[in-house]
């Protein structure tokens, strides 16, 4: 594997994006491994010097991931419309 930045042999990969980096181009950045609640507070297990390529930009704030939520049932939204349409057809007969 080659370093993303200088193409010399890589010594590791960025913890955040997976780019390969050599020792000369490698940087460090804090990384939170786990967050857990305890006694009404949140605690975290973190690494202060995780390998970082310096190219990617880890976001300082959480990002909303609502696209990962289970999709809504399509029939649930159509049911009232379908019932209304069926009722209209019956009244036309």
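Since every read-out is calculated from the coordinates, none of them should be taken as a lab result. Since the model is a prediction, treat every value here as computed from it, not as a measurement. Please note: Cβ atoms are built from the backbone with ideal geometry, for glycine as well, and neighbour counts cover all protein chains shown.
Key figures
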read-out	value
Selected residue [within 18 Å of the chain's Cα centre (by Cα) and either in a strand (DSSP E or B) or in contact (Cβ under 8 Å) with a residue 12 or more places away in the chain (or both)] from 42, 33, 51	33
Some residue of region 16-27 being in contact (Cβ under 8 Å) with a residue 40 or more places away in the chain and surrounded by 10 or more Cβ atoms within 10 Å (Cβ to Cβ)	yes
